[in-house]
There are 2 protein chains.
Amino acid sequence: MSRIWRAAALAAAFVFMSAPASGEEGIWTFDNIPTARMQRDLGWAPDQAWLDRVMAGTARIPGCSATNVSGQGLVLTNHHCVMSCVTALASARANYVENGFMAARREDEQRCPGMYVQVLVSISDVTARIETATSGVAAEGFARARDNEMVRIQRECESGLHCEVVTLYQGGRYAVYRYKRYDDVRLAFAPEHIVAAFGGDPDNFTFPRYCLDFALLRVYENNAPAATPAHLSMRFTPLADGEITLVAGNPGSTSRLRTSAQLAFERDVMLPWQIASLAEARGRIVAYAQQGPDQARISAEMLQTVDNGFKVFSGRRLALVDGFSTITAAEADLRARVSRNAAAQRAVGDAWGEVEAAQNAYRAMFYAYQYFEARAGERSQLFTYARDIVRAAAEREKADAERLPRYANARLPALGRAIAIARPIDSTFEQVHLELWLSQMRELLTVDHPLVLRVLGQRSPEALAAELAQSRLTDPAFRLALWEGGAPAIAASTDPLIVFVRAWDEDARSLRAQYQTQVEAPVARAQERIARARFQAFGTSLYPDATFSPRLSYGRVRGWSEGEREIPSFTYTRGLFERATGQAPFALPQNWREAQARLDGGVIFNVSTAHDVTGGSSGSPLLDRDGRVVGAVFDGNIHSLGGDYFYDGARNRTVTVAATAIRQALADVYRMDALLAELEGR
Amino acid sequence: MSRIWRAAALAAAFVFMSAPASGEEGIWTFDNIPTARMQRDLGWAPDQAWLDRVMAGTARIPGCSATNVSGQGLVLTNHHCVMSCVTALASARANYVENGFMAARREDEQRCPGMYVQVLVSISDVTARIETATSGVAAEGFARARDNEMVRIQRECESGLHCEVVTLYQGGRYAVYRYKRYDDVRLAFAPEHIVAAFGGDPDNFTFPRYCLDFALLRVYENNAPAATPAHLSMRFTPLADGEITLVAGNPGSTSRLRTSAQLAFERDVMLPWQIASLAEARGRIVAYAQQGPDQARISAEMLQTVDNGFKVFSGRRLALVDGFSTITAAEADLRARVSRNAAAQRAVGDAWGEVEAAQNAYRAMFYAYQYFEARAGERSQLFTYARDIVRAAAEREKADAERLPRYANARLPALGRAIAIARPIDSTFEQVHLELWLSQMRELLTVDHPLVLRVLGQRSPEALAAELAQSRLTDPAFRLALWEGGAPAIAASTDPLIVFVRAWDEDARSLRAQYQTQVEAPVARAQERIARARFQAFGTSLYPDATFSPRLSYGRVRGWSEGEREIPSFTYTRGLFERATGQAPFALPQNWREAQARLDGGVIFNVSTAHDVTGGSSGSPLLDRDGRVVGAVFDGNIHSLGGDYFYDGARNRTVTVAATAIRQALADVYRMDALLAELEGR
């Protein structure tokens, strides 16, 4: 589940905690593991051989993490990380989503379109090179000089490897990460979706949990299974409560250096608005889905996205409400440290005040910026097409460097291809999104807002949405003709959505410019100074914010207290059957219903552990201290959602499908004996 | 509009501001007008004759306020305050909602069922009597002794009058209010609903505004128009910006003595939950309404309630976010004053800490208490019937004093009558509410909550809601039979909703008891001590919280600043036509479309004024310093919604339909010459 967990978020990232991390907090780079702290916290720490072995045995896949678990290229990850592959391979005849995908022989393994697997080979510090390239460069040229040097470093990458320069500590450190990349990746095994995502949205971000959220891929080279001697072994004996565990994966993004002014804005303005907006969208979409099987099918994926977003934002808001005094205390501590150092104080200046002023500026334009620009036409595919077509035509007339980044020469061809791809678009569902967007816009900005007046004219949101949903942009040939026709085609178009977007696009662009000038840029400048002060104070004794590159987190098997309720660390197979009501999303597939009698109910199914992980960590191996794979991380609890802002060691928990459950499924439910033998190293 | 504005809320009320009120703040009783402060703030204050005249000329009607505006019993109030009368009098043949109600002659005026008008005759302090009756009574007997004395005082009321003992300053003062009551109240004039509520939900709680939200009633005695020499005169000349104005009406309820812990709970837990819950309900209901004209009709009133609630709670949350530092500063000030007085400090003890502890206890039980008890089955009429029928049967077996107050002997007959009244209930709409309630319950409490398990059993929210909506409680005869059958009938019933409610009603009752013990009672005890300390410090130099009894507020005609936008004080008739798109809720009735050419566009239509008013003030006269009626208050702006907690003089504004617009409508649109002559005193 948990879409956000597989989002490879690439946003600029900031570390919040201003005092050195304590307890199990931290997502550590493989070249900076806090072994002394681990000794202190766990009474154990890995040696270099352990770290090398784990780094070589783990992998990154699109949006997720994974583990190489056999010498013949077998890769363990989550079912939800390969869902798009399962869907792509499925047909009416072979419904792999519903029935699972179970390759009886290697020849039956099928290639996943667009899937790749990257294994980190080495990390080298390149901070000095970046500093040399940027020294003496004026502020306005800094970013360009830095980026150019990054590109040069990446181009020097040795053949056969994929290199990325990673910005750590907001620019306190730069490192080049070199990956071996496999592009022929085939699906070997995926269980039925309904048992992989058992509990659906009601159980999303909760524990106790019963998801068989794993799948097996295999990497191929030269059309044969790749030899992968550096794989990790699986351990199928049960975990113990309190046992030391580690997670090696690719957390996507955290932003723990936001100031209290930013987080107050997030808590009081951004998140409440997002939550209410998603709640209303859910109400509409559920009602749409109930109109019939077609509508249910058309809206299923969107509903899942909205459900997930609602929980994510609710969890984040809760974390901010509960953790705000921690946040302000940490900020006060950092500011006190800075104020004791005259040079640091001069360098930082009034960075916190500048961020706060930018938040106030943001507040004044917030709804206008969201409804006309950032989230204009939210969830409407047709609106996205229309805006891209209108904007690309206008941007192509400009020099490359002056365009909006989305329409730079380097990106235009891919955007054009995406626009021309045929995909089913239902006008009635589009109308729902457009109407909701327009009616919320009118409500929150009021009828008297000048842009609301321009956008709506004499039309009600309902009438306008009905009109716009008649757009011919549902037709890929029509879209392509407009795309290729450029500015003259746009100017001549009478398509209602093109006419509509064209009419106020300049206003929307000004809002974007205003946002960038008044909010984004001042915040970035101020935060950079805060980050620098912090890195000067603590250096690498802290971990850098998540960057969707390999990290290690340490912790233990552990439940938590939810008010007066004690949440245990484990669930067991028997609980899966107790929870199964037969009604979605608590229904079991036939394979499991038939197997029930022969299954050991006492097998550990899912596990709660205390680890600092976040979106992108999905599919990461949960490891024991011997480096053996004891499960595949697939989610966090509701309190993990605050991990974007800070780590709450008391309640933030990681959720894993246990190796014991994987073994039971393969052995006793699916009878995948060959695959199991391979996993057992037999 | 603005349902909350006509709610005659009777909740226990608390005053927040701990320092003496400043500026235009305050809802003052007629026997305690702050003339010195008014002189200071306005350079003018009313004399006793002015106060007597205004008190005698204004009135209270169910949930609203009103003014007597002619010597023949004519009463001015809001259209939305007589909407239930208009609806009750309407028929398919005479659609008064759509076409308005315009009695050409007095004989055509029609009696409003259940409507009454109460005019305050006198106020007498009875604090000493209550104190005598309660002195020496132990704490647990205090409330009963006080209530008994109140009943005695009310019974002594002279014949022909209606008396109420009002608790002011949380018991710092008690006063008996004597009213003359008219029970024969007839509708004389109501405009078309679409122009009275022009702008509908999008314009609700906003300004600029264009609502012709007025109506005229007439009080009758002995089947003839009552002679009402003490009426107030209307003034039809335009108001000036900045002019001194007063509002005389019946603000329903405020609670300005809540502690910062309570308001943080409100801001962070209660309101965000309510807002998201209403947003989702709105999504469902809008989609339901779009299924067809029947569904639109069935859901119209509920949609309006939900829309209004969404805005009310959003406005309140906004006020708390923006005003929280004011709140904490005021609390700190009061606590500092208390701490300087050893006796006061002893009496208050740790009242603030006790309230905070109660909030924490509330938080732990919050969703369970809401979903299983306080808002169980929210919006489902069938669920309400079922619970009342099941509970009344159980409660009747107990002694009167031990019952839940709702089922006391004094209330049972009315409840029984209400249950037996035939009203259309649509099972498909009921199913929407039940499903939403059950699915939100499961989401927020999780599948593992013991009561969720008990309530849902093996059923999904969707399946269970479908089953419950089959209940025969749609049939009044069926309801009555169960009501009269009592406990044996309940025990024997197989109706799905009765079976359902019966199964977990004891659990819901325990949650109620737990809430009362752990939250309600400790908060009440602590707040009583805070209120007492505050009354000792300030006495009647402050105003008491609103109690839906006559009050006077003073202020001026004034707009406000919304960010960089200046909101003016007036709107004009021409703006109504500019705003009319022809699409609901911005469509004009035929009368207005036809009259447009002959209307003066420069007539003041609606007015923004700075006054401290709140729900219950709807229909209040806006008065000039000569005591002439210059309009009828019908709403507040979005910032007025924070008035429940504190008064924000910079942005809280009252919205009034101007006498000039009323005159224009009667003279130039509706040609109600006789009525206008009466209003003009001709």
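The values are calculated or read from the model by the stated rules, or taken from the named source; none is laboratory data. Here the structure is a predicted model, which means the values were calculated and not measured. A quick note on method: Cβ atoms are made from the backbone with ideal geometry, for glycine too, and the neighbour counts reach across all protein chains shown. All accessible areas refer to the heavy atoms of the entire protein, side chains included, with ligands and DNA or RNA removed. Shrake-Rupley method; radii C 1.70, N 1.55, O 1.52, S 1.80 Å.
Data table
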{"read-out": "Heavy-atom accessible surface that A and B bury in contact, both chains counted, 1.4 Å, Å² to 100", "value": "3700 Å²"}
{"read-out": "Amide H contacts under 5 Å for A:Gly26, placed H, 5+ residues apart", "value": "A:Asp612"}
{"read-out": "Lone cysteines, the protein assembly as shown (no partner Cβ under 4.7 Å)", "value": "A:Cys211, B:Cys211"}
{"read-out": "Drop in accessible area of at least 50 Å² in the complex versus isolated chain, residues of segment A:446-461, 1.4 Å probe", "value": "A:Val447, A:Asp448, A:Gln458"}
{"read-out": "Nearest-20 debye value, segment B:387-427 charge dipole, Cβ charges on Lys, Arg, Asp, Glu", "value": "80 debye"}
{"read-out": "Over the protein assembly as shown: helical MRE at 222 nm, DSSP H runs n ≥ 4 each giving -39500 (n - 2.57), nearest 500", "value": "-13500 deg cm²/dmol"}
{"read-out": "Label point distance in nm, A:Glu107-B:Asn341, each placed 7 Å from Cα along Cα→Cβ", "value": "9.5 nm"}
{"read-out": "Cα centre as origin, Lys/Arg/Asp/Glu Cβ charges: the protein assembly as shown dipole, Debye", "value": "840 debye"}
{"read-out": "Scaled radius of gyration (Cα, divided by 2.2 N^0.38 Å) that the protein assembly as shown gives", "value": "1.00"}
{"read-out": "Dipole of chain A, positive end: most advanced residue of A:Ala103, A:Ser253, A:Ala342 [Cβ charges, Cα centre]", "value": "A:Ala342"}
{"read-out": "Dipole-positive endmost among A:Gly615, B:Ser471, A:Leu216 within the protein assembly as shown (Cβ charges, Cα centre)", "value": "A:Gly615"}
{"read-out": "Point-to-point label distance, A:Glu156-A:Arg181, nm (Cα→Cβ direction, 7 Å offset)", "value": "2.0 nm"}
{"read-out": "Derived scalar couplings ³J(HN,Hα) [segment A:176-188; Karplus, 6.51 cos²θ - 1.76 cosθ + 1.60; whole Hz; x for Gly, Pro]", "value": "9, 9, 10, 10, 8, 10, 10, 10, 9, 10, 10, 7, 9"}
{"read-out": "Solvent-accessible heavy-atom area per residue, rounded to whole Å², over chain A at 1.4 Å", "value": "38 Å²"}
{"read-out": "Efficiency of FRET from Cβ geometry, A:Ala584 and B:Thr384, R₀ 25 Å, rounded to 0.05", "value": "0.25"}
{"read-out": "Extension reserve of the B:Asp350-B:Ala481 stretch, reckoned as 0.36 nm per residue once the Cα distance is removed", "value": "42.0 nm"}
{"read-out": "Options B:Leu436, A:Thr58, A:Gly353, ranked by Cα towards positive dipole end of the protein assembly as shown, top entry (Cβ charges)", "value": "A:Gly353"}
{"read-out": "Chain A: projected area of the alpha-carbon convex hull, averaged over directions, in nm²", "value": "30.5 nm²"}
{"read-out": "Debye, to nearest 20: dipole size of segment A:403-514, +1 on Lys, Arg Cβ, -1 on Asp, Glu Cβ", "value": "560 debye"}
{"read-out": "Residues whose placed amide H lies under 5 Å from that of B:Phe101, excluding near-sequence neighbours", "value": "B:Ala190"}
{"read-out": "Delta accessible area of at least 40 Å² on complex formation, residues of segment B:248-271, 1.4 Å probe, chain isolated as reference", "value": "B:Asp268"}
{"read-out": "Accessible carbon and sulfur surface of the protein assembly as shown relative to its total accessible area, %, 1.4 Å", "value": "51 percent"}
{"read-out": "Range in chain A, longest, excluding exposed GluC sites (Glu not before Pro) [loop by DSSP; at most 12 other beta-carbon atoms within 10 Å]", "value": "A:159-396"}
{"read-out": "Whole-Hz ³J(HN,Hα) from phi, Karplus 6.51 cos²θ - 1.76 cosθ + 1.60, for segment A:530-539, glycine and proline x", "value": "5, 4, 5, 4, 5, 5, 4, 6, 10, x"}
{"read-out": "Proximal aspartates and glutamates to A:Lys180, defined as alpha-carbon separation beneath 13 angstrom and excluding residues fewer than eight positions away on the same chain", "value": "A:Glu158, A:Glu164, A:Glu221"}
{"read-out": "Residue-averaged beta-carbon neighbours from other chains (10 angstrom radius) around B:272-278", "value": "5"}
{"read-out": "Label-point gap, in nm, between B:Glu221 and A:Gln470 - each point 7 angstrom along Cα→Cβ", "value": "6.3 nm"}
